[in-house]
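Worksheet for the structure shown next.
The values are calculated or read from the model by the stated rules, or taken from the named source; none is laboratory data. Bear in mind that the values here come from a model prediction, so they are computed numbers and not experimental data. As a convention, Cβ positions derive from the backbone with ideal geometry for all residues, glycine included, and neighbour counts pool all protein chains shown. The protein model used for the area step is the full one, side chains on, heavy atoms only, and it has no ligands, DNA or RNA in it. Shrake-Rupley method; radii C 1.70, N 1.55, O 1.52, S 1.80 Å.
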Amino acid sequence: MQLRRVVITGLGALTPVGNSARETWESLVAGKSGIAPITAFDASLFKTQFAGEVKGFDPTPLLDRKELRKLDRYAQFSVCVAEEALKDSGLDLEKEDRSRVGVVWGSGMGGLQSIEQELYQYAEGDRVPRFNPFMIPKSIPSIAAGQISILFGLGGLSFSVSTACSSSSHAVASAFDQIRLGHADVLLTGGADADISPAGIGGFNSLHALSTRNDDPQGASRPFSKSRDGFVLSEGAACLVMEDYEHAKARGAHIYAEMVGEGMTSDAYHMTAPDPDAKGAQRVMQQAIQDAGIRPEDIDYINTHGTSTPLGDLAELKAILNVFGEHAYELNLDSTKSMTGHMIGATGAVESMACIMALKEGVVPPTINHSPDDEDEQIDYRLNFTFGKAQHRPLRYALTNTFGFGGHNACLIFKRWEDK
């Protein structure tokens, strides 16, 4: 069977550093941090009192008040980035067979805020249980995919993926496979999470997963530095319009990049900790490279998972060195989480967007918050972590990793657009 080529024709994003794909990208290249003290609730009694919040979000141009009451914040993010990506793609749905246009979406936590709010109200109320009739649909991780399909009248395949931090990468990988196998012509894919709440912060604090650098929020996400003490919880969303190349070509679409490979593995090791031998992370990159039909030496840039956790950063670097050998020292590595924090289920889609834009514009965003006096003796600093400042270089292939609780690993590979 001849597999179809898959291209990206539209982008949308809401992140702690920007309320659009373009604003997010420009902030990443500039090395701008989106981390600040929490405003969503009073976090003064929590071990961690800062996060990466989306600022100034206003969904009312797209959703009226009645619709807003039915949707958790993560789902509101989802439909808004989908609208942005659709507009960016120039796709005219009135001219499309909508049974061939669909949605594959990721969310690690779903409507955590809605569950929390309903239980607060129940605990504080009288003896008669009263719950919002939309509590269940607001809470489930699949409702965003369904709502995008409903809002835009998309009758093709529609499903959701929930694999913790790798959710939207698995969604993108699944969308890629669906299109190249001929099951759809156009898919809106990506993911969203909005977990900055007492349950989100308190729950991750209880796992000792979050940084507690309350005196320096903007410097708290510091991947590959000795003083890293955990990730920064953030919220956000991103959407890619993925399209069969022949379909995109026939309508004269602007093409950002081509997706060429994916890998999916399991650590099969521990619920929350990475495998210290990094075998699953190593295999997932090898799978993606093989799927793309290229060599390790063809990769120019890796947007790492790079969460700023003591164990996770070391495991990923071990896997990179095992896969790439001496070529690892020719790569640009970065962690855009140093600026955005960790958006859980949205992470893979946002970092895919970073890879796509890096290929298009020939620039690698920096890893911020590192200084030479904060180096870890377990890390090989001959590797180019793109510390401090964006670096311009010709790029042909970019790879992005995401690793989720449960040992879920995903790797995606994108290629600079070449019409041949």
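Before moving on, here are some points about what is shown:
- Any chance residue 397 is modelled with pLDDT of 95 or more, among the hydroxyl-bearing types (Ser, Thr, Tyr) and closer than 29 Å to residue 161 by Cα: yes
- Counted residues, the stretch 238-263 - those being open to solvent by 10 Å² or more (accessible area, probe 1.4 Å) and part of a helix (DSSP H, G or I): 5
- Filtered residue count, the stretch 276-306, keeping only those that are at pLDDT below 95 and open to solvent by 20 Å² or more (accessible area, probe 1.4 Å): 3
- Residue match in the stretch 99-111 (condition: open to solvent by 10 Å² or more (accessible area, probe 1.4 Å), under 22 Å from residue 189 (Cα atoms) and of a type in the set (A, V, I, L, M)): yes
- Of all residues in the stretch 223-237, exactly one satisfies the criterion of being among the polar types (S, T, N, Q) and open to solvent by 10 Å² or more (accessible area, probe 1.4 Å), namely 227.
- Given (1) among the aromatic types (Phe, Trp, Tyr); (2) open to solvent by 30 Å² or more (accessible area, probe 1.4 Å); (3) under 22 Å from residue 10 (Cβ atoms), index of the condition residue 122 fails: (3)
- Complete set of residues in the stretch 162-186 that are open to solvent by less than 20 Å² (accessible area, probe 1.4 Å), closer than 18 Å to residue 291 by Cβ and either aliphatic (A, V, I, L, M) or part of a loop (DSSP other than H, G, I, E, B) (or both): 171, 172, 173, 175, 179
- Any hit, the stretch 149-157, residues being open to solvent by 10 Å² or more (accessible area, probe 1.4 Å) and out of contact with any helix residue (DSSP H, G or I) (no Cβ under 8 Å at 6 or more places or on another chain): yes
- Residue pairs whose Cβ atoms lie under 9 Å apart, separated by 6 or more positions or on different chains, with the first residue in the stretch 28-42 and more than 26 Å from residue 365 (Cα to Cα) and the second open to solvent by 40 Å² or more (accessible area, probe 1.4 Å), are 39/55.
- Odd one out for residue 55 among (1) under 30 Å from residue 292 (Cα atoms); (2) surrounded by fewer than 23 Cβ atoms within 10 Å (Cβ to Cβ): (1)
- Filtering the stretch 27-46 to residues that are open to solvent by 70 Å² or more (accessible area, probe 1.4 Å) and outside any loop (DSSP other than H, G, I, E, B) leaves 30, 37.
- Criterion: out of contact with any Gly (no Cβ under 9 Å at 6 or more places or on another chain), under 30 Å from residue 131 (Cβ atoms) and either modelled with pLDDT of 95 or more or not β-branched (Val, Ile, Thr) (or both) - qualifying residue of 46, 77, 57: 57
- If you go through the stretch 391-405 and keep only what is within 29 Å of residue 106 (Cα to Cα), open to solvent by 20 Å² or more (accessible area, probe 1.4 Å) and more than 20 Å from the chain's Cα centre (by Cα), you end up with just 396.
- For the stretch 196-219, filtered to residues that are of a type in the set (Gly, Ala, Ser) and closer than 26 Å to residue 110 by Cβ, the residue that is most open to solvent (accessible area, probe 1.4 Å) is 206.
- For the stretch 280-299, the count of residues that are outside any helix (DSSP H, G or I) and under 17 Å from the mean Cα position of the chain (by Cα) is zero.
- Subset tally (residues that are among the acidic types (Asp, Glu) and assigned to a helix (DSSP H, G or I)) for the stretch 47-94: 5
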